[in-house]
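Some notes on the structure that comes next.
The values are calculated or read from the model by the stated rules, or taken from the named source; none is laboratory data. It should be emphasised that the depicted structure is a prediction, and the values quoted were computed from it without experimental measurement. A quick note on method: Cβ atoms are made from the backbone with ideal geometry, for glycine too, and the neighbour counts reach across all protein chains shown. Please note that ligands, DNA and RNA were not included when accessible areas were found on the heavy atoms of the full protein model with its side chains. Shrake-Rupley method; radii C 1.70, N 1.55, O 1.52, S 1.80 Å.
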Amino acid sequence: MKKLVALLLVSMMATVAFAGLDTNSDSFGVYFDAAGITNTVAAPLFTPFPVYLLLMNPIGTLTDAFECTVTPTGAPYFILGTDLGPVALDIDASANGFAVGRASPYPIADGAIKLVTWSFMLQAAAPLEFRITQATLNSIPGSGVPVVSGGGVLRACGVASGDVTLPVAIVNGTTSPVSEEVNSFGAVKSLFR
């Protein structure tokens, strides 16, 4: 009986697929690839590199708006371009703030929604950290977290680091801001002995 239960649990776990590093639902993160796998990168000076704001593992299939503030701190940088995707409009005029809506729902690719694509370029060989917090014009006052909307229904979201005061991504840093918990098959199997 124990073997049957263990086999069922392992097979159910294999069917659950999460995107990238962050396995939490409705979680904002900054990544250096569109799949949400890389949140740390070494970047040379004066060389453009892509940066993505992703909503990982969105709840439901309907997300047509988001709001947050993304704050890079540390090394001096240039933002060479910001792409919100087709038919998207940002009504937040603040430098790092977003209040973006689309005429149609965002497409979900491999469990993630690409909200923003930037082209960054560093001016100094120092770490650059990214933090995500609530929007300048927050639709859920006092929440302190990013918000998405789907069909007029607001959803408070988390951030990849688990805390809006901690960085979600680092350029030229030494640690990963998103913790990964890895279990071997043997560790899972030992739970049922």
Number of positions in the range 156-174 that are out of contact with any Lys or Arg (no Cβ under 9 Å at 6 or more places or on another chain), at pLDDT 95 or above and over 16 Å from residue 53 (Cα atoms)
3
State whether the residues of the range 125-133 include one that is open to solvent by 30 Å² or more (accessible area, probe 1.4 Å) and touching a Pro at 6+ places or on another chain (Cβ under 7 Å).
yes
Within the range 65-102, how many residues are out of contact with any Asp or Glu (no Cβ under 8 Å at 6 or more places or on another chain) and either open to solvent by 40 Å² or more (accessible area, probe 1.4 Å) or free of Cβ contacts under 8 Å to residues at least 24 places away in the same chain (or both)?
18
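Within the range 19-46, how many residues are open to solvent by less than 60 Å² (accessible area, probe 1.4 Å) and either among the small types (Gly, Ala, Ser) or farther than 14 Å from residue 159 by Cβ (or both)?
Of the residues in the range 19-46, 13 are open to solvent by less than 60 Å² (accessible area, probe 1.4 Å) and either among the small types (Gly, Ala, Ser) or farther than 14 Å from residue 159 by Cβ (or both).
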Please verify whether the range 175-188 includes one or more residues that are of a type in the set (Val, Ile, Thr), part of a strand (DSSP E or B) and either modelled with pLDDT of 95 or more or over 20 Å from residue 61 (Cβ atoms) (or both).
no
Over the range 62-96, the set of residues out of contact with any Gly (no Cβ under 8 Å at 6 or more places or on another chain), farther than 14 Å from residue 118 by Cβ and not charged (D, E, K, R) is 66, 73, 74, 75, 76, 86, 87, 93, 94
